[in-house]
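A.B. asks: If you scroll down you'll find the structure; I have some questions about it.
Bear in mind that the values in this text are calculations on the coordinates, not laboratory data. Model, not experiment: these values are computed from the prediction. A quick note on method: Cβ atoms are made from the backbone with ideal geometry, for glycine too, and the neighbour counts reach across all protein chains shown.
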Amino acid sequence: MGRVLAERLGYPAGILDRLPSDAVDSFAGVGYAFDLARLAAGEEVLDLGSGAGMDAFFAALQVGAAGRVVGVDMTAAQLEKARSLRQEVDGAAVTFVEARIEKLPFPDRSFDVVISNGVVNLSPDKARVFAEAARVLRPGGRLAISDIVTETALSERIVGNSELWAACIGGAAQQDDYQRIIEEQGLRLELMKRNAYRFLSERSRNASDRYGVKSVSILARKAESAGRGRPGFGGL
């Protein structure tokens with residue numbers, strides 16, 4: 001967790017210095033996908049499973065005062081912490097909303113980019129997550145996420161282990177299935193890279209070695225569609 005992990009994964013130290021230290025200390029992501037997201041000033045960004053807010057604050061610095069970032073999380077304590085840290089990021093338009101990533105409370109075509117870090121593997125309905133991401137993205141919008149996948153299917157014993165779920169292994173999908181699910185929701189996979197992420201516990205390392213568990217970052221894009229403008233943000 002924390003800054004050591006973030007820097008190892010590729011987060012620039014100079015930007016981490018500008019983020020709330022408590023958010024950085026709580027970081028528990030599995031990769032770095034901002035190099036794929038290529039956020040631009042004025043864009044609107046949704047962070048699925050925003051936790052204490054580090055990635056949301058990171059995104060806010062990149063999109064600037066003209067942009068907007070919304071973090072979604074279902075955990076009250078995480079939302080409370082993220083909201084309390086919001087004032088430490090000068091000029092950033094960041095909002096944190098309580099919701100499940102399988103059922104997003106936003107209109108269609110509300111965001112330019114959807115980001116997430118180490119969260120989708122925890123959902124039992126990944127197809128629904130990516131369907132919702134595709135729905136809220138504008139035509140041509142980008143999905144830039146980091147997550148845990150496997151090279152071979154996990155055994156029932158692994159899937160049923162609560163410790164390995166908490167370690168982001170128990171819920172991980174096989175890489176080919178993960179890619180298929182994304183593309184079935186109307187998102188075109190453009191790039192997948194492996195991240196320098198290591199598991200610490202012996203049980204996690206054993207599962208990783210046996211099933212090829214690994215962290216990847218993914219860039220996918222929603223198809224362009226003519227004649228559809230940018231809707232309002234809905235007051236959030």
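A.B. asks: About the Cα centre of the range 1-103, how large is the charge dipole given +1 on each Lys and Arg Cβ and -1 on each Asp and Glu Cβ? Please answer in debye to the nearest 20.
C.D. replies: My answer is approximately 60 debye.
A.B. asks: For the chain, with the dipole built from +1 on Lys and Arg beta-carbon atoms and -1 on Asp and Glu ones, taken about the Cα centre, which of Leu48, Leu36, Ala196 lies farthest toward the positive end?
C.D. replies: Working it through, the farthest residue towards the positive pole turns out to be Leu36.
A.B. asks: Another question about this same structure. Along each of its three principal axes, how wide is the spread of alpha-carbon positions in the chain, in whole angstrom units, largest first?
C.D. replies: Sorted from largest, the Cα extents of the chain read 47, 41, 29 Å.
A.B. asks: Give the Cα extents of the range 100-236 along the principal axes, in whole Å, largest first.
C.D. replies: 52, 27, 23
A.B. asks: Sort Arg128, Arg194 by Cβ crowding within 10 Å, fewest neighbours at the top.
C.D. replies: Ascending Cβ contact count within 10 Å gives the list Arg194, Arg128.
A.B. asks: So for the chain, taking the charge dipole from beta-carbon charges (+1 Lys/Arg, -1 Asp/Glu), which of Gly160, Val213, Val4 sits furthest toward the positive end?
C.D. replies: The residue sitting most towards the positive pole is Val213.
A.B. asks: Please pull out the direction-averaged projected area of the range 136-184, using the convex hull of its alpha-carbon atoms, in nm² to one decimal place.
C.D. replies: Directional mean of the projected Cα hull area for the range 136-184 stands at 4.4 nm².
A.B. asks: Still on this structure, please answer the following. Counting only helical runs of four or more DSSP H residues, what would the 222 nm mean residue ellipticity of the chain come to if each run contributes -39,500 (n - 2.57) and the total is spread over all its residues?
C.D. replies: -9000 deg cm²/dmol
A.B. asks: Expressed as a rounded percentage, what relative contact order does the range 1-92 have, with Cα pairs under 8 Å and six or more residues apart?
C.D. replies: The normalised contact order for the range 1-92 reaches 29 percent.
A.B. asks: Also, quick follow-up: Using the crude model of +1 on Lys and Arg Cβ and -1 on Asp and Glu Cβ, and no other charge, please compute the dipole size for the chain relative to its Cα centre, in debye to 20.
C.D. replies: 360 debye
A.B. asks: Tell me, what is a quarter of the convex hull surface for the C-alpha atoms of the range 17-59, in nm² with one decimal?
C.D. replies: Averaging across all directions leaves 3.4 nm² for the Cα convex hull.
A.B. asks: Next question, about the same structure. Normalising by the residue count of the chain, find the relative contact order in percent from Cα pairs under 8 Å and 6+ residues apart.
C.D. replies: 20 percent
A.B. asks: Once a ≥ b ≥ c are taken as the square roots of the eigenvalues of the Cα gyration tensor of the range 1-79, is the result rounded (a/c under 1.5), prolate (a/b larger than b/c) or oblate (a/b not larger than b/c)?
C.D. replies: Note, shape of the range 1-79 comes out oblate.
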